[in-house]
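Encoded as structure tokens, the structure appears first; notes follow it.
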Amino acid sequence: MALKIWFDGKLVDESEARVSVFDHGLLYGDGVFEGIRFYEGRVFRLQAHIQRLFDSSKAIMLKLPWTQEELCKNTCETIQANGLRDGYVRLLVTRGVGTLGLSPDSCPTPTLIIIAASIQLYPDSDYEVGLKVITCSTRRPTHGSLSPQVKSLNYLNNVMAKVEAVRAGGREGLMLNEQGYVAECTGDNVFTVKNGVIYTPPVSDGGLDGITRGVIFELAAQMEVPIVEKTMTRFDIYTADECFLTGTAAEVIPAVELDHRPIGEGVPGPTTARFIEAYRELVRNSGTSIEAM
Ligand code: PMP
């Protein structure tokens with residue numbers, strides 16, 4: 001069934017949602033995006049995602065002509081227009097239409113696109129068996145380049161890293177920063193469990209400040225499981241008892257191998273299982289109702 005897309009201020013048929021070849025989002029990957037999940041008619045952490053979209057925009061000096069409330073409302077309207085109750089919604093803002101030159105000064109108006117669809121990133125079996133992860137040679141960009149905190153439309157670095165991981169027999173790729181410390185995976189944050197303590201790298205080590213990552217900290221506090229931010233190397237993952245990844249699309253998913261070496265027993269661990277359960281419980285019992293907006 002053809003989707004209804006939010007495009008330039010209104011809902012249009014998928015076939016009418018077309019971007020100009022002069023849009024700097026296309027020409028230069030100049031723009032920002034968010035991926036958000038909704039469950040049983042409720043959008044999970046909607047405000048946090050919209051806030052991150054605004055932060056990414058601010059960091060690239062892309063002034064958004066909408067309020068956060070308007071974007072929340074448009075997101076819910078798009079979900080409703082497609083008759084969806086469970087799925088994934090992608091918001092993107094491009095710099096807009098300009099000339100062929102690099103400068104965004106030629107782009108007076110950003111383009112807002114909202115796509116709501118049903119997705120399942122990983123099949124159920126991956127949650128039961130766990131993912132195999134491969135270290136990529138492609139590094140996360142440094143803070144001296146575009147900040148790794150900006151969720152920009154140019155994901156080519158992560159795309160190439162993902163290709164590497166898949167070609168090497170992995171389902172996800174582990175990305176290191178320029179110093180060789182663990183940053184994150186190509187589309188997920190990374191956590192280990194060792195002797196009952198959860199560890200994850202600080203976002204200053206190059207990972208995205210994931211919304212799901214933040215939820216893990218909240219759940220750990222509620223469940224009274226100690227959690228620590230620690231600069232990590234691959235050694236810490238090779239020698240961990242458990243490892244799991246987090247992301248809006250993937251939720252919480254076990255990782256059982258790194259570079260073809262088993263992590264712990266090479267099977268999903270008990271702490272990971274508890275967090276998968278707690279996360280699933282939370283997403284089904286919270287969120288912004290799509291009808292309320
Ligand atoms: N890192 C990267 C590079 C990502 O693209 C994502 C997905 N947005 C994440 C981590 C996880 O972030 P979140 O939990 O906010 O989806």
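The values are calculated or read from the model by the stated rules, or taken from the named source; none is laboratory data. Computed from a predicted structure; not experimentally measured. Here the Cβ positions follow ideal geometry from the backbone for every residue, glycine too, while neighbour counts run over all protein chains shown. These area figures cover heavy atoms from the full protein model, side chains too; ligands, DNA and RNA do not enter into them. Shrake-Rupley method; radii C 1.70, N 1.55, O 1.52, S 1.80 Å.
Scanning region 130-175 for residues that are under 20 Å from THR248 (Cα atoms) and open to solvent by 60 Å² or more (accessible area, probe 1.4 Å) turns up LYS132, ASN154, TYR155, LEU156, VAL159, LYS162, ARG171. Filtered by the rule that a residue be of a type outside the set (Gly, Ala, Ser) and open to solvent by 70 Å² or more (accessible area, probe 1.4 Å), region 216-225 gives GLU218, GLN222, GLU224. Looking only at region 248-275, which residues are open to solvent by 20 Å² or more (accessible area, probe 1.4 Å) and in a helix (DSSP H, G or I)? Once the filter is applied, which keeps residues that are open to solvent by 20 Å² or more (accessible area, probe 1.4 Å) and in a helix (DSSP H, G or I), region 248-275 yields PRO270, THR271, ALA273, ARG274. Within region 193-202, being open to solvent by less than 40 Å² (accessible area, probe 1.4 Å) and either in contact with a Lys or Arg (Cβ under 9 Å, 6 or more places away or on another chain) or not assigned by TED's automatic domain parsing to the domain that holds THR135 (or both) holds for THR200, PRO201, PRO202. Does VAL166 fit the bill of being in contact with a Cys (Cβ under 9 Å, 6 or more places away or on another chain) and aliphatic (A, V, I, L, M)? It is false that VAL166 is in contact with a Cys (Cβ under 9 Å, 6 or more places away or on another chain) and aliphatic (A, V, I, L, M).
Determine which member of the set ALA117, ALA81, ALA59 is touching a Phe, Trp or Tyr at 6+ places or on another chain (Cβ under 9 Å), at negative phi and surrounded by 15 or more Cβ atoms within 10 Å (Cβ to Cβ). Result of the check over ALA117, ALA81, ALA59: ALA81.
Considering ALA221, ALA278, ALA255, ALA250, the condition of being within 16 Å of the ligand (Cβ to nearest atom), aliphatic (A, V, I, L, M) and over 26 Å from LYS151 (Cα atoms) is satisfied by ALA278 alone.
Matching residues to (1) of a type in the set (Lys, Arg); (2) in a loop (DSSP other than H, G, I, E, B); (3) within 13 Å of the chain's Cα centre (by Cα):
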{"position": "LEU26", "(1), (2), (3)": "no, no, no"}
{"position": "PHE33", "(1), (2), (3)": "no, no, yes"}
{"position": "ILE36", "(1), (2), (3)": "no, no, yes"}
{"position": "GLN47", "(1), (2), (3)": "no, no, no"}
{"position": "LEU53", "(1), (2), (3)": "no, no, yes"}
{"position": "LYS58", "(1), (2), (3)": "yes, no, no"}
{"position": "LYS63", "(1), (2), (3)": "yes, yes, no"}
{"position": "GLU70", "(1), (2), (3)": "no, no, no"}
{"position": "ASN74", "(1), (2), (3)": "no, no, no"}
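Counting only strands (runs of 3 or more DSSP E) wholly contained in region 146-209, the ones carrying 2 or more residues that are within 11 Å of the ligand (Cβ to nearest atom) occupy 172-176, 182-185, 189-194. Is it fair to say THR212 is closer than 24 Å to SER286 by Cβ, within 16 Å of the ligand (Cβ to nearest atom) and part of a helix (DSSP H, G or I)? For THR212, the condition - closer than 24 Å to SER286 by Cβ, within 16 Å of the ligand (Cβ to nearest atom) and part of a helix (DSSP H, G or I) - is met. Please verify whether region 219-228 includes one or more residues that are on the phi < 0 side of the Ramachandran plot and charged (D, E, K, R). No, region 219-228 contains no residue that is on the phi < 0 side of the Ramachandran plot and charged (D, E, K, R).
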